[in-house]
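S.K.: Structure in structure tokens, see below.
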Amino acid sequence: MTRPETHPAWLLPSGFEDVLPARTDALEHCRRTLLDLYAQWGYRQVIPPLVEHLESLLTGSAADLDLQTWKLLDQDSGRLVGLRSDMTPQMARIDAQTSSAKEVRRLAYAGTVLRARPDLLGGSRAPFQMGAELFGVDGPEGDLEVLSLMVESLIHCAVPNLLLDIGHVGISQALADAAGLEGALRADLLQHVERKAWPDMRAWLREHHCGTELSADFDALSRLQGEFDILEQARQRLGHHPAVCIALDELHFVWGALRARYSDLAIQCDLSEIHGHRYHTGLLFSLFGPQRGEALASGGRYDDIGAAFGRRRAATGFSLDLKPLLREFPEAERARQIWAPAGTDDLLWQSIQEHRRAGYAVLQDLLCQEVPGQQTLQAQGFDAVLIKEQTGWKMRQLDS
């Protein structure tokens, strides 16, 4: 009989990790930098709970998050609760509960989210998510502000060679509407588009007798990828759908403004890209760094999610995982460190506290050692020592 496999008690579950001091310092510095940036744009931070009732986290279009959400039984109420896997539904709930109908609301957030499954690249199941959400602005002006703030976030994190991928779910949805399909059939068609399974989609359209004109539209959609001039090509091929023209106008407005604001930003679009189309209702966007593998930040418009909380509100926003950005973020300037000897002398304590209030990091010896040599202190990261003189305790700089 084989013995059951055992694991050391200290071994963490797959996808989880300790964040050790140096990386924690960098993460906290980056977090403060971005929250300060968001505050300068008027986005006020909120702190939602880690746990909510499951129906709140997965309500409406947020149901796409179901497979990523840890589910638990609340011993107090007997109801199912979930550990948040994304903070955006929580932002929509907070806005619906605390804002007036016509109020423009800017919210920011920062905290750990928990994923039941890792992403396709086997990443962390505990991302440190930050983001900003704008409520109450239903035009492309709102999308432009959120997109600009997303770009500024990665600029502040020193990520070079940014590439923005932009799209609009309204284009594919307009073609699906033109097919006259509803319910499961409509969802099935859009799933083919989302998977970019073009041969399967063409066969599906023939099987469901959707007509040669609509098939030609979807065939055109499959080829509409590229740079700014692709918008005009799309208008020529699909402009007979009014909803497509509206979507292209929004893309044109946002794209043109971004080109003027960020001349070094590379922008491309894939008009058939509709990932998360059950969640998003308009523009969607992703920002990539030099490696251009997984998106470093992403977002889009999601006007329908607030309806489940009693108030449908125009909404657009973005989020990012802070941990992958730490590789590019400049090292935080550390506080200068002072070594202080052991002892409970009142004057020594007063000197230690005065230097701490002045911004120094003062580490007091607790082992009653002799003052280490200068080389030893410098190797341990100290810049100065406290030395007792006739007039009291004084700081003496170590020679560089």
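The values are calculated or read from the model by the stated rules, or taken from the named source; none is laboratory data. These numbers come from a predicted model, not from an experiment. All Cβ positions, even for glycine, are placed from backbone atoms using ideal geometry, and neighbour counts span all protein chains on display. For accessibility, only protein heavy atoms count, side chains too; no ligands or nucleic acids. Shrake-Rupley method; radii C 1.70, N 1.55, O 1.52, S 1.80 Å.
S.K.: Whole angstrom only: what separates the Cα centroid of the range 75-145 from the Cα centroid of the range 6-34?
M.R.: 22
S.K.: Then there's this: Antiparallel DSSP bridges in the chain: what percent, to the nearest 5?
M.R.: Working: 45 of 57 bridges.
Within the chain, antiparallel bridges account for around 80 percent of the total.
S.K.: Under the rule of at least 5 residues apart or a separate chain, name every residue whose amide H is placed under 5 Å from the amide H of ARG336.
M.R.: Result for ARG336 returns ALA361.
S.K.: Sticking with this one: I need two numbers for the range 339-400: Rg to one decimal and Dmax as a whole number, Cα atoms only, in Å.
M.R.: Values for the range 339-400 (Cα only, Rg and Dmax): 11.1, 30 Å.
S.K.: On to the next question. Report, to the nearest 10°, how far helix 198-207 tilts away from the longest principal axis of the Cα atoms in the chain, using its own Cα long axis and a range of 0 to 90°.
M.R.: 30
S.K.: Would you kindly derive the ³J(HN,Hα) couplings of the range 250-265 from the backbone phi angles with the Karplus curve 6.51 cos²θ - 1.76 cosθ + 1.60 (θ = phi - 60°), listing them in order in whole Hz, with x for Gly and Pro?
M.R.: Working through the residues one at a time gives 5, 4, 4, 4, 5, 4, x, 5, 5, 4, 6, 7, 10, 5, 8, 7 Hz.
S.K.: Using Cα pairs under 8 angstrom and six or more residues apart, how large is the relative contact order of the range 22-150, in percent?
M.R.: That works out to 24 percent.
S.K.: A further question follows. With θ set to phi - 60°, apply the Karplus curve 6.51 cos²θ - 1.76 cosθ + 1.60 along the range 89-97 and write out the HN-Hα couplings as whole Hz, x wherever there is a Gly or Pro.
M.R.: Couplings: x, 5, 5, 5, 5, 4, 4, 5, 7 Hz.
S.K.: For the Cα atoms of the chain, what angle does the longest principal axis make with the long axis of helix 140-156, in degrees from 0 to 90, nearest 10?
M.R.: Orientation of helix 140-156: about 30 degrees from the principal axis.
S.K.: Let me ask another. Mind checking the range 223-303 for GluC sites (Glu not before Pro) that DSSP puts in a loop (not H, G, I, E or B) and that have at most 12 other Cβ atoms within 10 Å?
M.R.: When the GluC sites (Glu not before Pro) of the range 223-303 are filtered for loop state and at most 12 Cβ neighbours within 10 Å, GLU227 remain.
S.K.: Next up: Helix 183-195 sits at what angle to the longest principal axis of the chain, using alpha carbons and giving 0 to 90 degrees rounded to 10?
M.R.: Helix 183-195 sits roughly 60 degrees off the main axis of the chain.
S.K.: Please work out whether the range 228-324 counts as rounded, prolate or oblate from its C-alpha gyration tensor, where a ≥ b ≥ c are the square roots of the eigenvalues and a/c under 1.5 means rounded, while otherwise a/b larger than b/c means prolate and anything else oblate?
M.R.: Since a/c reaches 1.5 but b/c is at least a/b, the shape of the range 228-324 is classed as oblate.
S.K.: While we're here: Lysines within cross-link reach of LYS71: Cα-Cα under 29 Å, excluding same-chain residues under 8 positions apart?
M.R.: Once the sequence-local lysines are set aside, what remains near LYS71 is LYS323.
S.K.: Based solely on its DSSP helices, what 222 nm [θ] is calculated for the chain when runs of n ≥ 4 H residues each add -39,500 (n - 2.57) and the sum is averaged over all residues, nearest 500 deg cm²/dmol?
M.R.: That calculation yields -11000 deg cm²/dmol at 222 nm.
S.K.: Please state the relative contact order of the chain as a whole percent: Cα pairs under 8 Å, 6+ residues apart?
M.R.: Relative contact order, the chain: 18 percent.
S.K.: Counting only C-alpha contacts under 8 Å and six or more residues apart, can you give the relative contact order of the range 144-251 as a whole percent?
M.R.: 28
S.K.: Also, I was wondering about something else. Cα centroids of the range 334-400 and the range 170-224: how far apart, whole angstrom?
M.R.: Going from one Cα centre to the other spans 71 Å.
S.K.: List the residues whose amide H sits under 5 Å from the amide H of LEU398, counting only those 5 or more places along or on another chain, with H placed 1.01 Å from N in the peptide plane.
M.R.: ALA384, VAL385
S.K.: Tell me, what is the per residue accessible area of the range 216-277 in Å², probe radius 1.4 Å?
M.R.: 47
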